[in-house]
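Inspection log for the structure reproduced underneath, given as structure tokens.
The values are calculated or read from the model by the stated rules, or taken from the named source; none is laboratory data. Not measured: the values here are computed from a predicted model. Cβ atoms come from the backbone with ideal geometry, glycine included; neighbour counts cover every protein chain shown. Protein only, heavy atoms only, side chains kept; ligands, DNA and RNA dropped before computing areas. Shrake-Rupley method; radii C 1.70, N 1.55, O 1.52, S 1.80 Å.
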Amino acid sequence: MSIHLLSLAPELIQTIGSILCSDDIKHLRLACKQLSEILESVILDKITFNINKSTLPASISQIRSLAAGRSPGASRTTSHLTLVCFAPRYDPQDESYWDGEMVENPKPLDTPEVLEAERRMKKYLFDAVVSLKNVSTVRWHTHCKDDEWVQNTIMKALRSLPKLQNLSIGLTFLKIALPLQRLQTLREITITDKNCSSGEGPNYETYSNLGKLIARNSFITSIHIERQDYDSQHTDPSASFHHLFWCYPKDAAPLRLRRLVLRRMLIKLDNITLPHLRHLTALDVSSMLEPYEPDPHPSDSDSPFSTESRTEEELLEKQRAVGSNISDIWDTLMVFGIYLEEITLTKITPSFLEYLECYSGLKKLTFTSSGFNNATKSDKCATRFFGTPLTKHVRTLEKLNINAEFEGLWCFGDHNMAVIMQCHALRVLGIRIFGEGLQNKKSPTGAEEENAVVLLIDNVSCYLPFLEHLTISPSTPEMFRGDWCGTSSAAYCSCVQAAIVEQLGTYSAPPACRRLPKVSVNNPWSAEGFTFLPERVNGGSGLEPGEWRYRDTSPHPEKSSSSELQI
């Protein structure tokens, strides 16, 4: 019995279209008017503006068509807008690398085509953005080649979008102070900034305007800010959670924040910030900055009356007013009964483990096992984590990523396998393994024991029925803790990664296995990764027992091979 495509519900046809490439969707829309209308929202849901020398003249034609109203479909259906670059003179191919640094080739003379593109861009850019009346999400990362008038024009246009609710901005190449306080329809805002904090300039003024927006818009539910400061000694106090509420009315109702991401920032929960977190469900405090602590044992040449000492004391006093240590955060949340469903952090403390022990219901947890000076303290904390803190959440956890900095009890092994396999609701699992665990060993009886990779996959396929994605990574050996140079650690992890890839290439699931998760093999010292997808060897339906194995789908023409891992 044949089924005609048009006999399916429009939602099913749109789902089919969402997995096709743009060219296939365009061809399918040409088949008939009905398919064209159904798939219109799929092909036009996302639009990107990227105007540079390599995209001319198509990029200019795009904004001209929108500004003139010749794309009514985009005005009706486009909900996501991405803003990349607005510099017709800029040619991405004119940049090259010399001695590891990017350099630009000599600037060519402006051609008539470039000059005309500049003129038309100034004429049509504002109207093109304003025409997209249905846009709810905008991603805009300022480009180093954009002129000041471009940023002014875009901000004026964004104010005219009636349905704009989600805004993501990169401030790295900001040239003006963005008047964010005028975007009154926003519900979620994301800011990324690769500049060091300062108490002046367009970036500082933009953060101040963000405070004005928060004071005027009580409907904001998500704030996501990523700063660039790496140490608190040089961090301006304005890079803090407090600065976002610098003008918030004392008599106004607090925000009902649901998601809060504050990376590389000073954070303090007190009567100014805490009321806005009563409804919080997701918190990310990765690389949280703590108030700067001067050297307790200064050199004899340092005078307590020196200008440098007075400056450090003044900075410390200002930072303490808006910052705290990570343990204070968890203690405060525990005291006020704010229990989170999603947590991301990069420093583990006993107070965090106490916080996990006081409730149940955590759904997503991602952390790095940093903050320890030696293996003993790290292993002691890991032993406690895999006890009551994790056990309290085994029924609800859907995502668990444990990034062990060094090999130890944070890595997968017999000591934590039982509790991890109790997390039956897991859909995403990230874990690191011992390099030594990849070597084939024999038990006291002479039988060959399974290595760590086989043991892990065999167990997740048996005990974690909903697991969709498993990430396996190597970890740095404990002997390299404190090393200034990471060459040895990088070489070791590359070797372990190659051994994991080799094990997956020869893996064969037990006969009773009915499904396997997708597996990624990453390296903390390299961007190179491998992806393995499960496949059946002997056919049959996915619901029947049979032999499963993994197929490497990574785009690597040459893969490292190692017959034996040298530890």
- Can Thr391 be described as over 17 Å from Leu456 (Cβ atoms) and either over 24 Å from the mean Cα position of the chain (by Cα) or open to solvent by less than 10 Å² (accessible area, probe 1.4 Å) (or both)? yes
- If you scan segment 241-260, which residues turn out to be surrounded by fewer than 21 Cβ atoms within 10 Å (Cβ to Cβ), without any contact (Cβ under 8 Å) to a residue 60 or more places away in the chain and out of contact with any helix residue (DSSP H, G or I) (no Cβ under 6 Å at 6 or more places or on another chain)? Phe245, Pro249, Lys250, Asp251, Ala252, Ala253, Arg256, Arg258
- Task: Filter segment 465-479 down to residues that are modelled with pLDDT of 95 or more and not in a strand (DSSP E or B) and give me whichever is surrounded by the most Cβ atoms within 10 Å (Cβ to Cβ).
- Result: Leu467
- Test result for Gly435, at pLDDT below 95, of a type outside the set (Asp, Glu), open to solvent by 30 Å² or more (accessible area, probe 1.4 Å) and farther than 19 Å from Ser461 by Cα: no
- Note on the structure: Result of the Cβ filter at 8 Å on segment 165-192, keeping first residues that are over 21 Å from His80 (Cβ atoms) and partners that are open to solvent by less than 20 Å² (accessible area, probe 1.4 Å) and outside any helix (DSSP H, G or I), at least 6 apart or interchain, is Thr172/Thr142; Thr172/Asp193; Phe173/Thr142; Phe173/Asp146; Leu174/Thr142; Lys175/Thr142; Lys175/Asp146
- Item | Residues located in segment 287-324, provided they are open to solvent by 60 Å² or more (accessible area, probe 1.4 Å) and either modelled with pLDDT of 90 or more or in a helix (DSSP H, G or I) (or both) | Thr307, Glu308, Arg310, Thr311, Glu313, Glu314, Glu317, Lys318, Arg320
- Task: For segment 23-50, name all the residues that are under 20 Å from Val135 (Cα atoms) and either open to solvent by less than 30 Å² (accessible area, probe 1.4 Å) or touching a helix residue (DSSP H, G or I) at 6+ places or on another chain (Cβ under 8 Å) (or both).
- Result: Ile38, Leu39, Glu40, Ser41, Val42, Ile43, Leu44, Asp45, Ile47, Phe49, Asn50
- Task: Starting from residues that are part of a loop (DSSP other than H, G, I, E, B) and not charged (D, E, K, R), keep the ones in segment 42-58 and report whichever is modelled with the lowest pLDDT.
- Result: Leu44
- Query: Is it true that Ser378 is touching an Asp or Glu at 6+ places or on another chain (Cβ under 7 Å) and open to solvent by less than 20 Å² (accessible area, probe 1.4 Å)?
  - Reply: no
- Query: So Ser238 clears everything in (1) polar (S, T, N, Q); (2) part of a loop (DSSP other than H, G, I, E, B); (3) without any contact (Cβ under 8 Å) to a residue 40 or more places away in the chain except one condition, right? Which one?
  - Reply: (3)
